[in-house]
Every structure is written in C-alpha cells, then in structure tokens.
Amino acid sequence: VGLLSKWIVFSVLNIPEGLRSEALEAFYLLACSIPVVITTAGLRGILEAYQRFGLINAARTVMGVFTFGGPLLILPFTQSLFAVVAILVVGRVIVWIIYLLICLSVVPNLRHEIIIDREEIGPLLSFGSWMTVTNLISPLMVQMDRFLIGALISVTAVTYYSTPFEVVNRIRVIPVAAIGVLFPAIATSQASDRNRTAMLFGRGVKFVQLALFPIILVVVGFAGEGLRLWLGDEFVVNSTLVLQVLAVGVMINSVAQVSFALVQGFGRPDLTAKLHLIELPLYLTILWLLVRNYGITGAAFAWTARVTLDMIMLCEIGKRILPESLKAVNRLRLELFVSVTLIVGCLLIPSLALRIIYVLIVLVLFVPAGWRLILSEDDRKAIRARYLVGRRR
C-alpha cells in the first residue's frame, strides 16, 4: 500500500491538486497502520475462542467512541487530513495494546512462550487461505464503489456517498455482536447436535431481523429530514435516495451474515470464498455501468443488489450443508420480503405527515405481529422467563 500510494493519489483518484500532498501523507499513515489492524483481529480471535464477549465489547466501545471523538477533539486546532488520520491510527494502536493485555490476562501462558504445533500448520493454512480470499475480496467489494465514484465523478461525490454509507453501516453493530456469539456456538454444536445448530441459526436470523426492521424503517422514512437537520440541504438533494437504498441493503446484508456464520461454523470457508470470487467481476461490471450512467445513486443500487444476491446464495449454501435449516431459510425469505416491501412503502409517500402516520402504524402492528408470527413458542417462553427473572431480581 505504501509503494502504491503515490500512484493512487496522483493517477487513480480524482483528487484536487491542492489536496494531493495531504492525501499522500494520509495514505502513508494508513499503510503503516495495516499490521496493527491485522494483528488486532488475531488478538480478538483469541478472546472469541474463549467466549470473552464482554471484554471484546468493552474494547470495541472504546474504539467506537475514539473513532468519532478523536477527530472531533482535534478539529478546533487543525483541519488537516493527516492529523485526523494520525489520531485514528493512534486509537488503533491503543486498542491493540488493550487487546494484547486482555489476551495475556485470559491466557497467561502467552506471557512465557508461544508453541508452534507443526501438525496444525497444514490445516490452518488450508482453512486460512480460503478465509484470506474472502477477507481480501469482501473489503474490496465494500470499498470499490468509492474508488470508482472518485475516479469517474469526483471526490466531492464520494463525500455525498460515503457519509450516508458510513452512517447506516453503523447499524451493523447489532448483527456483528450477535454473530460474534453465534459463530462459536454453531461451530461447537454442528459436530454433535445439528438440530440445535438449526435452532441457533433460526433464532439468529429472527432476532437480527426483528432488531433491525424498526431502525431501518425509521431511517428510510425520514432520511431526507435527518440529513437536512444534520448536514444541510445539499446532502438532502444528493444523498437522500442513496441513504434509503443503502439502508435496505444493510438490513439484507445483516441477515445474510448469519448464514455466513453458519457456513464458516461448518468449516467451509472455501464455499464463501468461491462465491465471492464469482461475485467480484459481476459486481465490478454492474458497479462501473451504474456509476457511469446514474452516479452515486447507481452505486447504491449496485451495492444493494450485490448483497441481495449474496444473501440468496448464502441461504442456498446453508440449506445444503444443514438440511435441518430449510424451514428457517424459507421463513426468512418470506419475512424479509414483507419487511422490504413495508420499508419501500415509505418511498412512495411524499408527504411528511402521511409518512409519520404510516411509520407509526407499521411500528404499532410490528410488535404483536413479530411476537405472534415470527417468534416461536419456545422463543416466547425464553423471553418471558428472562423478563420475569429480571423483574424478580
């Protein structure tokens, strides 16, 4: 990345000449941060293996606050992109140190020695190579839209696109938290009790969808008003539809992540890697065509279409490796179709007053419908038991 930075800044991206030097310095900083980011994922993996999710969430909370608060603190003194990136890199290093100290506490033997088991190297490289393919292609598909927008339109257009994307993408903290717990549970249960694995998968998709639907409905319904209050009229004109389309995509992608965890939990990262290898050229072609003809709105539709295809294919793969999940997958498709239809209904209502009424009606009906139609009797019993226990305490 360091070696390619100058070429990217001066030749690939459409960066104004006055900002190129600052951008190049920022790219060099980001290149230096890559080893820290990668090894942080390894340290977090140790804690996930020990199911220390409370500690992981505490560290993530620190990182989340610092990601937004750090740049905000230095803005009164400088508006340099280099300074903003530098403070973010410092935050990454701090979180890396926190994870390392936690790992040394959870696994004290790491203080003394690191043992290399040669028999594990082959399986680890085989499993890890496919994981690496996914972990290279997936971020590429997530970030490529911004590169194309910058190259084909302008850096200003990237701002109108990336701002709503980053905002709505934060909603994925909900499925990420759920999947962090689901993955080790699925990986453990699939070898001994596949019916339990199917139950975990079914509950995962249900609760992720139930948690996200009201949030996405409100975001789509009042995207324009929210952008006007936060960023002004220019963003309303340029980013409202982008935000709405991306919000629907985030909900679909969040549900798909549960299927992704199922496939990975069965030790088949090769299947997801091959799927992404197929998706990449298709997505890049569609993305290039839509960005060239429809601008940032085309990019939003291309991304949402890609994650929708990804969700459909992951569900098909999930059914094949775990036939017991067939019922859950079929219910997921029906419920997701209804959810998306209700959300898209907001786009057809121009009046703010009517949209408020529509959203309120849907949310009021959503609670009993979700309780009776989506949750099973076992789910309701579990919620009642937890609620009653909580009240007694």
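The values are calculated or read from the model by the stated rules, or taken from the named source; none is laboratory data. Just so it is clear, the model here is predicted, and its values are computed rather than measured. Virtual Cβ from ideal backbone geometry, glycine too; neighbours counted across all protein chains shown. Side chains are part of the model used for accessible areas, which takes the heavy atoms of the whole protein and leaves out ligands, DNA and RNA. Shrake-Rupley method; radii C 1.70, N 1.55, O 1.52, S 1.80 Å.
Screening segment 254-276 for residues that are open to solvent by 10 Å² or more (accessible area, probe 1.4 Å), of a type in the set (A, V, I, L, M, F, W, C) and touching a residue at least 60 places away in the same chain (Cβ under 8 Å) and picking the one that is nearest to Val173 (Cα to Cα) gives Phe260.
None of Leu47, Leu81, Leu104 is within 26 Å of Ile15 (Cα to Cα) and of a type outside the set (Gly, Ala, Ser) except Leu81. Filter segment 342-368 down to residues that are over 27 Å from the mean Cα position of the chain (by Cα) and either among the β-branched types (Val, Ile, Thr) or surrounded by 13 or more Cβ atoms within 10 Å (Cβ to Cβ) (or both), then give me how many there are. Matching residues across segment 342-368 total 7.
The condition (being on the phi < 0 side of the Ramachandran plot and free of Cβ contacts under 8 Å to residues at least 12 places away in the same chain) is satisfied by just one residue among Leu73, Leu88, Leu124: Leu124. Out of Val181, Val173, one residue alone is open to solvent by 80 Å² or more (accessible area, probe 1.4 Å), at pLDDT below 85, among the β-branched types (Val, Ile, Thr) and under 23 Å from Asn57 (Cα atoms). It is Val173. For segment 277-294, filtered to residues that are in contact (Cβ under 8 Å) with a residue 24 or more places away in the chain and crowded, with 19+ Cβ neighbours inside 10 Å, the residue that is nearest to Leu241 (Cα to Cα) is Val291.
Contact map, segment 35-59: residues that are touching a residue at least 24 places away in the same chain (Cβ under 8 Å) and open to solvent by less than 60 Å² (accessible area, probe 1.4 Å) paired with residues that are among the acidic types (Asp, Glu) and in a helix (DSSP H, G or I), Cβ distance under 9 Å, separation 6+ or inter-chain. Pairs shown: Ile56/Glu48. Quick check on segment 40-75: of everything there that is at pLDDT below 85 and of a type in the set (S, T, N, Q), which residue is nearest to Gly265 (Cα to Cα)? Across segment 40-75, the extreme among qualifying residues is Gln51. Selection of segment 128-168 for residues being among the aliphatic types (A, V, I, L, M), open to solvent by 30 Å² or more (accessible area, probe 1.4 Å) and farther than 17 Å from Gly298 by Cβ yields Met131, Val133, Leu136, Leu140, Val155, Val167.
Scanning segment 174-198 for residues that are in contact with a helix residue (DSSP H, G or I) (Cβ under 8 Å, 6 or more places away or on another chain) and without any contact (Cβ under 8 Å) to a residue 12 or more places away in the chain yields a total of 2. For segment 187-239, a residue qualifies if it is out of contact with any Asp or Glu (no Cβ under 9 Å at 6 or more places or on another chain), of a type in the set (S, T, N, Q), in a helix (DSSP H, G or I) and open to solvent by 20 Å² or more (accessible area, probe 1.4 Å), and the qualifying residues are Thr188, Asn238.
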